[in-house]
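Participant: Take a look at this one; I'll ask things after.
The values are calculated or read from the model by the stated rules, or taken from the named source; none is laboratory data. Computed from a prediction, not measured in an experiment: that's the story for all the values here. Here the Cβ positions follow ideal geometry from the backbone for every residue, glycine too, while neighbour counts run over all protein chains shown. Accessible surface areas use protein heavy atoms only, side chains included; no ligands, DNA or RNA. Shrake-Rupley method; radii C 1.70, N 1.55, O 1.52, S 1.80 Å.
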Amino acid sequence: MNAPESETSEAAVERAVHRSTPHDSAVLHVTGRAVYIDDMVEPTGTLHLAPGFCPDMARGRIRDIDLSRVRQAPGVVAVLTAADIPGRNDWSTSIGGDPIIAENEVEFWGEVLFCVVAETRDAARRATRLALFEGEAEPPVLTAEEAKAKGLRVLDDYGYGRGDVARSFASAQRRFDGVIRNGGQEHFYLEGQVALAIPGETGDMHVYSSTQHPSEVQHCVAHMLGVPNAMVTVEVRRMGGGFGGKESQASQWACLAALGARVTGRPCKLRLDRDDDMVMTGKRHDMTTAFSVAYDSSGKILAADIDFMARCGYSADLSGGVNDRTLFHADNAYFYPNVALKSERLKTNTVTNTAFRGFGGPQGILAAERIMDTLAIVTGIDPLEIRKRNFYGPGRDVTPYGQKVEDNILPELIADLERSCDYAKRRQECRAFNSKNRILRKGIALTPIKFGIAFTLTHLNQAGALVHVYADGSVHLNHGGTEMGQGLNTKVAQVAADAFGLPLERVRITATNTSKVPNTSATAASSGSDLNGMAALAACNEIKERMVAHLVSTTNAAPESVVFADGRVSHTGGSLSFADLAKSCYEGRVQLSAAGFYSTPKIHWDRQKAEGRPFLYFAYGAACAEVTIDTMTGEMKVDRVDILHDCGRSLNPAIDIGQIEGAFVQGMGWLTTEELVWDDKGRLATHAPSTYKIPTASDVPAIFNTRLWDGDNREETIHSSKAVGEPPLMLACSVFSAIFDAVASLKPGVVPPLDAPATPESIMRAVAFMRRSEA
Amino acid sequence: MRDSIRIVRRGRIVEIDDIKPTETLLDYLRLRERATGTKEGCNEGDCGACTVVIGEWQDGRVAYRPVNSCIQFLGAMDGKEIVTVEDIAWPDGRLHPVQQAIVDAHGAQCGFCTPGIVMSLFALYHQEGREGPPPRDEIVTALAGNLCRCTGYRPIVDAALAAMAEPPADRFVEAMPQTAGLLQFLADGQDVFIGSNSAFFAAPASLSALAQLVMKYPEATLLAGGTDVGLRVTKGLRPISQVIHVGRVAALRQIEDVGDALILGAGVTYEDAASAFADLDPDLGELIRRLGSRQVRAVGTIGGNIANGSPIGDMPPALIALGATLELAHGEDGRALPLEDYFIAYGKQDRQPGEFVAGLLVPKLMSNQVFRAYKITKRFDEDISAVMGAFRFTIDDGVITEARIAFGGMAATPKRALSAEARLVGAQPGRAASWGAAIEALGEDYAPISDMRASAAYRMETAKALLAKALVECAGAPTSRTRVIGRREAPEAEVA
Ligand SMILES: Cc1cc2nc3c(=O)[nH]c(=O)nc-3n(C[C@H](O)[C@H](O)[C@H](O)COP(=O)(O)OP(=O)(O)OC[C@H]3O[C@@H](n4cnc5c(N)ncnc54)[C@H](O)[C@@H]3O)c2cc1C
Ligand code: FES
Ligand code: FES
């Protein structure tokens, strides 16, 4: 591994950063004292909401809803319909088309048509089932293929490329075509969507919302109520998981709670039942990806033509950004000299698909890895060797979107992992096993990731923080990011404690609140610590400068000599405790509060021309997975996983390892057990954990080694760290490739048509194809 | 007769007389006690966020088991201790070893699953006879009913290993004599009836009292472990107003070994039956290990699984293949019938008004009989079967002389494969050619449907594959070559 550099070597004193401190709420979590919105003490008179929908319509027009039985049901206080909305009836981020309560057109099964407000949650839920609907159902459009045939889109197609792809194909001697389908994915945050709205005097609204994007909830609620943003405050202390599912999707429920509060004048809480949550909120985009590849005799790609057809659901929501990011990752770590990429954003009568950890990247990377696996079979070259040959490298270092890959560490990283996991030997062992076993087959795969870090909508790359130092030397910290379990608050507190040279306990982080830090971006795109850590540091530095100036003016300290460490401030003339200096500053009438701001440098992106530098840097990693499949039933077990991942100079190694392992297992679920099934009437059949299976403890291999790559981020990021939330999810492609490898062993030379998720049935479909085909 | 229930809560007896028939334990905790440490993640028994631990006086000790409070009815808690996440740290604030280990191992991220995980591990911490850390497999099995979307579980498993390095030593061990006293005091043998004739929760304490009630209120919903009934309330929102809980009838919880058979009361839980069933055959033990989760098995009953009549219940096919007999009771009377005859059609069983399931007789295997059971699911643990196949072959001199085959997930009821059974007679497991016709005959026996768990085609192909697999294994193939999980040999006997 690389020698530890810079920051750690200078750090003789214990620093608050680069340390595995526990999550700031860890003790609260394990004792049940961490307060989530549904746990808050309810204000007297709080009412409860439950949304209602038409149980047998995925598409059509409602002529009439008879709500009389609903209104008469025990405990019901009000029934909200579209007519009650004073302002804008839309919760969408920007594009429109997402009614808070639909008026009469139904575009998917589960679209909210009314909302019951009742004395208890149970009463509200029961009442929703009493509505009677009249209307005409039309056959829903359910698949991307069908939508494409009918020309139904939520957004225009988009694509770009480089070189003369048609000529490359015409002149190439070797080529192949293929298709891979991937399913969507339900977020299954353990805490479902919830909001509590408390009406204030003169029409204000205070909304507690489990959201990754408090500013957007604020704007949606204000527009819905028809009041200025300044009258709405949104607050979130913590979420019980988000994963992208509370980026845009939290707004509708907050709007409904606020509407209930406006109509009744009482506090209103809406916590979705799990099944409603799964039916009514968006998921990861499922896609069908078709590709054609031309390559040379050494297995290097000459040209790639890739077309992603995404099922976006009934509205645009975040599909633009998601599908753009699919294209940004269609290369993963590989150089395509000539390339044509296309993305189609198709409109179906299903729930609107949305952000999910990776934000379109996983679908791009999955396609790139399938291309590599296919290349390995058609050339007969080892899949890892094929991957290495196609890596970005000197002279082959410009992505299809024109950004130069300047920080590529994959060759070294892969070599390290290949050694530590004993890839070559285990590959031989898998072969040997397969030669002796008819029913069971083993597969192994080592796959890389390269993931671009920054919001690709450039203006979102900004953040604010608010820091107060009190006269007793304690620090109050607030920033625009939200805590959903990823440890953001812990990391930002570490940054502040480090800046002031204080122990972590002296820094208090409180709930994210739109009245403290305004105009924030969503906590998304893995950017939480990159952006908010920098903003907090800017605020801390501003206060420190004032404190140093005060010190210099009151003592004979030389400004350069002042050091904040171990709770003290020392300088050439002596030292004093941080608290004493804070007190002295207060008495000296020095402002001890500052708002920090950060905007990511260097990045720019011209979507029209498809050029620029959308990303500040890339995060890298690789994983090796070994699996065994049963070729009679399609059952599959992951036997071992080894991961080596790049977090730059980690702010908190324990938290980062937690992100890596958690993301990997979540990605593994997406590609194996998690299957979304709609019936032919457009109803989601898998709307509960009884039918939708996320990984459980036994799905995680007993041998599961995770290491951090040792090296700084070469860009100037917060203490040279790298973002970690999303990238490792795609390490799970190694599991999918290993299953592919196991199936491929049945007939050398034949490419298994394995689709994701690789459920037993999906594996058996591929196995059956192998048994039918001639090598 | 008592018109209240009594539970032990934080060392004290709490008496509750205003329960609604279907009020859940979770609602009681969160809405009445305002103890919000216990979370609701799904409200249907599948995520484990609501896990609490119940303490019961059993075989001379206080036995602690995890349950899903979201689908447990409050009334069914009569006579039990309820332990929640708020209760287990020391009064001076020191964390419980399980809690401390999770903090140390960074085992909580968003923290929403954590209270449930803590309580599942608390139950494992108090597992009878535990002195050191259980094997990893057991820890993972104990966690199967607790979903965590954040951590990937590795740190949680590590925390469990660390927390259980030492024998139990927490405030519950210290309080054991007092707790035992309270629980024994609560076991008063009184029938419980709360409510009116039209809406009540009843928990008779004897078989005769139960029989009387069932005859008097033939429309009432019988409640055993509640792992099916609970969902009718929390998801189906069905207006159930009369509930008769069978769980307090000691006679229904007995397992008797009569030499060549096991006799089980209808109230025997999976957990109670696990070791006897594993002794009968390892595949039966593995089937139970994979059925639901520890929380479900702690209260879920085999009688309930049968009475529920679901075509995808796991026990009926296995028990039908074993040749089990079902016993029904009606007042003082009773009747017995072959288990397969109980399932008449989808949603229809051979149970008359006033009747209830009393028990089950399960013949053990004879020396010339081989048993195999396979459960096919998308996820190995805590998942409902797409296909569940069970086989009992009687083999004399290498030739099959009798076959009993039953499948779940292949028809509207758990159903025997009569054609395939007939065609297996005379076949030799070692000669594939001799049983090809039997495999094909499954196509006559079943016409499965497509749903979210699997397509009809996959179900049919897999049923055939499972029969073939059972035969290949009978012919001597070690399960290390035929299965990815649930192998029958000890690990060291596996062939590479
Ligand atoms: C998370 C979860 C996972 C599950 N996984 C599985 C699985 O893997 N495999 C599987 O087969 N099942 C599974 N189940 C279903 C359920 O656990 C089983 O069917 C269980 O055996 C039901 O038993 P119970 O005691 O909880 O029954 P209850 O819910 O109390 O009752 C079930 C039915 O039987 C009736 N009943 C109960 N006792 C009697 C009696 N003595 N006489 C007449 N009628 C009676 C009830 O009225 C009701 O109709 C799962 C359930 C959950 C919640
Ligand atoms: S809330 Fe999910 S199991 Fe009870
Ligand atoms: S820590 Fe978030 S679900 Fe487990």
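Participant: Take region A:617-650 and flag every residue that is under 25 Å from A:ASP416 (Cα atoms) and among the aliphatic types (A, V, I, L, M). Full working, then the answer.
Facilitator: So the first thing to find is which residues in region A:617-650 are under 25 Å from A:ASP416 (Cα atoms), and the list is A:617-628, A:638-650.
The answer is A:ALA619, A:ALA622, A:ALA623, A:ALA625, A:VAL627, A:VAL638, A:VAL641, A:ILE643, A:LEU644.
Participant: Here's a follow-up. Taking interchain pairs and intrachain pairs at least six residues apart, which have beta carbon atoms under 6 angstrom, with the first residue in region B:25-49 and more than 16 Å from ligand 1 (Cβ to nearest atom) and the second open to solvent by 10 Å² or more (accessible area, probe 1.4 Å) and polar (S, T, N, Q)?
Facilitator: Listed by first residue and then by second, the contacts come to B:ARG30/B:THR36.
Participant: Only residues that are within 14 Å of chain B (Cβ to nearest Cβ), in a helix (DSSP H, G or I) and farther than 22 Å from A:PHE391 by Cβ: list them for region A:426-459, please. Break it down into steps so the answer makes sense when it comes.
Facilitator: Of all residues in region A:426-459, those within 14 Å of chain B (Cβ to nearest Cβ) come to A:426, A:428-443.
Okay, now just the ones that are also in a helix (DSSP H, G or I), so A:426, A:428-436.
Those that are within 14 Å of chain B (Cβ to nearest Cβ), in a helix (DSSP H, G or I) and farther than 22 Å from A:PHE391 by Cβ: A:GLN428, A:GLU429, A:CYS430, A:ARG431, A:ALA432, A:PHE433, A:ASN434, A:SER435, A:LYS436.
Participant: Applying the selection to region B:279-300, what residues are under 19 Å from B:ALA63 (Cβ atoms) and either part of a helix (DSSP H, G or I) or without any contact (Cβ under 8 Å) to a residue 24 or more places away in the chain (or both)?
Facilitator: Filtering region B:279-300 for residues under 19 Å from B:ALA63 (Cβ atoms) gives B:288-289, B:292-300.
Correct list: B:ILE288, B:ARG289, B:ARG294, B:GLN295, B:VAL296, B:ARG297, B:ALA298, B:VAL299.
Participant: Please report, ordered by residue number, the strands (runs of 3 or more DSSP E) entirely within region B:1-84 with at least 2 residues that are open to solvent by 10 Å² or more (accessible area, probe 1.4 Å). Talk me through it step by step, then tell me what you get.
Facilitator: Working: elements: B:5-9, B:12-16, B:51-58, B:61-68, B:81-83.
Passing ranges, in order: B:5-9, B:12-16, B:51-58, B:61-68.
Participant: Also, I was wondering about something else. Could you please tell me which pairs satisfy a Cβ distance under 6 Å, a separation of 6+ or placement on different chains, a first residue in region A:35-46 that is of a type in the set (Gly, Ala, Ser), and a second residue that is at pLDDT 95 or above?
Facilitator: Cβ pairs passing all conditions: A:GLY45/A:ARG266.
Participant: Can you list the strands (runs of 3 or more DSSP E) found entirely within region B:194-274 that contain at least 1 residues being in contact (Cβ under 8 Å) with a residue 60 or more places away in the chain? Don't jump to the end; show me each part of the working.
Facilitator: Numbers: elements: B:200-203, B:221-223, B:242-245, B:255-257, B:261-265.
Counting at least 1 such residues, we get B:200-203, B:221-223, B:242-245, B:261-265.
Participant: Which residue pairs have Cβ atoms closer than 9 Å, lie 6 or more positions apart in sequence or on different chains, and pair a first residue in region B:301-313 that is in contact (Cβ under 8 Å) with a residue 12 or more places away in the chain and over 15 Å from B:ALA345 (Cβ atoms) with a second residue that is basic (Lys, Arg) and not in a loop (DSSP other than H, G, I, E, B)?
Facilitator: The qualifying pairs are B:THR301/B:ARG253.
Participant: Are any residues in region A:683-725 more than 14 Å from every other protein chain (Cβ to nearest Cβ) and assigned to a loop (DSSP other than H, G, I, E, B), and if so, which ones?
Facilitator: A:TRP709, A:ASP710, A:GLY711, A:ASP712, A:ASN713, A:ARG714, A:GLU715, A:GLU716, A:THR717, A:LYS722, A:ALA723 - these are the residues of region A:683-725 that are more than 14 Å from every other protein chain (Cβ to nearest Cβ) and assigned to a loop (DSSP other than H, G, I, E, B).
Participant: Quick one: in region B:328-349, which of the residues that are within 10 Å of ligand 1 (Cβ to nearest atom) and not polar (S, T, N, Q) is nearest to the other protein chains (Cβ to nearest Cβ)? Spell out the reasoning first.
Facilitator: Step one: filter region B:328-349 for residues within 10 Å of ligand 1 (Cβ to nearest atom), giving B:328-329, B:349.
In the following step, the residues that additionally are not polar (S, T, N, Q) were identified as B:328-329.
Details: B:LEU328: 29, B:ALA329: 31 Å.
If we take residues in region B:328-349 being within 10 Å of ligand 1 (Cβ to nearest atom) and not polar (S, T, N, Q), then B:LEU328 is nearest to the other protein chains (Cβ to nearest Cβ).
Participant: Checking the condition open to solvent by less than 40 Å² (accessible area, probe 1.4 Å), more than 14 Å from chain B (Cβ to nearest Cβ) and over 24 Å from the mean Cα position of the chain (by Cα), which residue from A:VAL116, A:VAL154, A:VAL141, A:VAL179 passes? Working first, answer last.
Facilitator: Numbers: A:VAL116 fails: more than 14 Å from chain B (Cβ to nearest Cβ); A:VAL154 fails: over 24 Å from the mean Cα position of the chain (by Cα); A:VAL179 fails: open to solvent by less than 40 Å² (accessible area, probe 1.4 Å).
Within the list A:VAL116, A:VAL154, A:VAL141, A:VAL179, the selection yields A:VAL141.
Participant: Only one of (1) within 16 Å of ligand 3 (Cβ to nearest atom); (2) under 26 Å from B:ILE194 (Cα atoms) is not met by B:THR114, so which one is it?
Facilitator: Condition (2) is where B:THR114 drops out.
Participant: Continuing with this model, one more query. Does B:THR51 satisfy the criteria of being among the hydroxyl-bearing types (Ser, Thr, Tyr), modelled with pLDDT of 95 or more and farther than 24 Å from B:ASP228 by Cα? If you could, list the steps in order and put the result at the bottom.
Facilitator: Working: among the hydroxyl-bearing types (Ser, Thr, Tyr): yes; modelled with pLDDT of 95 or more: yes; farther than 24 Å from B:ASP228 by Cα: no.
Considered against the rule, which asks whether it is among the hydroxyl-bearing types (Ser, Thr, Tyr), modelled with pLDDT of 95 or more and farther than 24 Å from B:ASP228 by Cα, B:THR51 comes out as no.
Participant: Condition first: within 16 Å of ligand 3 (Cβ to nearest atom) and not in a loop (DSSP other than H, G, I, E, B). Now tell me which residues in region B:143-167 satisfy that. Don't jump to the end; show me each part of the working.
Facilitator: Just the residues of region B:143-167 that are within 16 Å of ligand 3 (Cβ to nearest atom), to begin with: B:143-160.
B:ARG154, B:PRO155, B:ILE156, B:VAL157, B:ASP158, B:ALA159, B:ALA160, listed by residue number.
Participant: Moving on to the next point. Looking at (1) among the charged types (D, E, K, R); (2) assigned to a loop (DSSP other than H, G, I, E, B); (3) touching a residue at least 12 places away in the same chain (Cβ under 8 Å), which one does B:GLU444 not meet, given that it meets all the others?
Facilitator: B:GLU444 satisfies all of (1) among the charged types (D, E, K, R); (2) assigned to a loop (DSSP other than H, G, I, E, B); (3) touching a residue at least 12 places away in the same chain (Cβ under 8 Å) except (2).
Participant: Within region B:136-150, does at least one residue satisfy the condition of being open to solvent by 10 Å² or more (accessible area, probe 1.4 Å), more than 23 Å from B:PHE172 (Cα to Cα), over 22 Å from the mean Cα position of the chain (by Cα) and away from ligand 2 (no atom under 16 Å from the Cβ)?
Facilitator: No: region B:136-150 contains no residue that is open to solvent by 10 Å² or more (accessible area, probe 1.4 Å), more than 23 Å from B:PHE172 (Cα to Cα), over 22 Å from the mean Cα position of the chain (by Cα) and away from ligand 2 (no atom under 16 Å from the Cβ).
Participant: Taking the residues in region A:669-682 that are at the interface with another protein chain (Cβ under 8 Å from one of its Cβ atoms) and buried (at least 20 other Cβ atoms within 10 Å of the Cβ) as candidates, determine which candidate is farthest from A:ALA137 (Cα to Cα).
Facilitator: Once the filter is applied, the top-ranked residue is A:THR673.
Participant: Another question, if that's okay. Sort through B:SER275, B:SER293, B:SER310 and tell me the only one that's among the hydroxyl-bearing types (Ser, Thr, Tyr) and within 16 Å of ligand 2 (Cβ to nearest atom).
Facilitator: On the way: B:SER275 fails: within 16 Å of ligand 2 (Cβ to nearest atom); B:SER310 fails: within 16 Å of ligand 2 (Cβ to nearest atom).
Exactly one of B:SER275, B:SER293, B:SER310 is among the hydroxyl-bearing types (Ser, Thr, Tyr) and within 16 Å of ligand 2 (Cβ to nearest atom), namely B:SER293.
Participant: Of the conditions (1) in contact with a Gly (Cβ under 9 Å, 6 or more places away or on another chain); (2) more than 8 Å from every other protein chain (Cβ to nearest Cβ), A:GLN666 fails just one. Which one is it?
Facilitator: (2)
Participant: Within region B:386-419, track down each residue that is within 16 Å of ligand 1 (Cβ to nearest atom) and buried (at least 24 other Cβ atoms within 10 Å of the Cβ). Working first, answer last.
Facilitator: From region B:386-419, those within 16 Å of ligand 1 (Cβ to nearest atom) are B:386-390, B:406-415; that's our starting set.
B:ALA386, B:VAL387, B:MET388, B:GLY389, B:ALA390, B:ALA406, B:PHE407, B:GLY408, B:GLY409, B:MET410, B:PRO414 - these are the residues of region B:386-419 that are within 16 Å of ligand 1 (Cβ to nearest atom) and buried (at least 24 other Cβ atoms within 10 Å of the Cβ).
Participant: Can you run down the residue pairs with Cβ atoms below 8 Å, 6 or more apart or on separate chains, where the first is in region B:93-116 and at positive phi and the partner is within 16 Å of ligand 2 (Cβ to nearest atom) and at pLDDT 95 or above?
Facilitator: So the pair list comes out as B:GLY111/A:GLY240.
Participant: Here's another thing I want to ask about it. On the given criteria, is B:ALA123 facing chain A (nearest Cβ under 8 Å) and buried (at least 24 other Cβ atoms within 10 Å of the Cβ)?
Facilitator: On the way: facing chain A (nearest Cβ under 8 Å): no; buried (at least 24 other Cβ atoms within 10 Å of the Cβ): yes.
No: the conditions fail for B:ALA123.
Participant: Restricting to region A:299-323, count the residues that are open to solvent by 10 Å² or more (accessible area, probe 1.4 Å), part of a loop (DSSP other than H, G, I, E, B) and closer than 22 Å to A:PHE335 by Cα.
Facilitator: Keep residues of region A:299-323 that are open to solvent by 10 Å² or more (accessible area, probe 1.4 Å), which gives A:300, A:302, A:305, A:307, A:309, A:311, A:314, A:318, A:320-321.
In the following step, the residues that additionally are part of a loop (DSSP other than H, G, I, E, B) were identified as A:300, A:314, A:318.
Adding the requirement that they be closer than 22 Å to A:PHE335 by Cα leaves A:300.
Selection size over region A:299-323: 1.
Participant: Looking at region A:185-207, which of its residues are away from chain B (no Cβ under 14 Å) and either crowded, with 24+ Cβ neighbours inside 10 Å or closer than 30 Å to A:ARG311 by Cα (or both)? First the steps, then the outcome.
Facilitator: First, pick out the residues of region A:185-207 that are away from chain B (no Cβ under 14 Å): A:195, A:197-207.
Answer for region A:185-207, where residues must be away from chain B (no Cβ under 14 Å) and either crowded, with 24+ Cβ neighbours inside 10 Å or closer than 30 Å to A:ARG311 by Cα (or both): A:ALA195, A:ALA197, A:MET205, A:VAL207.
Participant: Continuing with the same structure: Can you pull out the residues in region B:86-116 that are within 16 Å of ligand 1 (Cβ to nearest atom) and under 15 Å from A:ALA26 (Cβ atoms)?
Facilitator: Filtering region B:86-116 down to residues within 16 Å of ligand 1 (Cβ to nearest atom) leaves B:113, B:116.
Scanning region B:86-116 gives a single hit, B:CYS113.
Participant: Taking region A:17-64, which residues are within 11 Å of chain B (Cβ to nearest Cβ), touching a helix residue (DSSP H, G or I) at 6+ places or on another chain (Cβ under 9 Å), of a type in the set (A, V, I, L, M, F, W, C) and more than 30 Å from A:LYS722 (Cβ to Cβ)?
Facilitator: A:VAL35, A:ALA50
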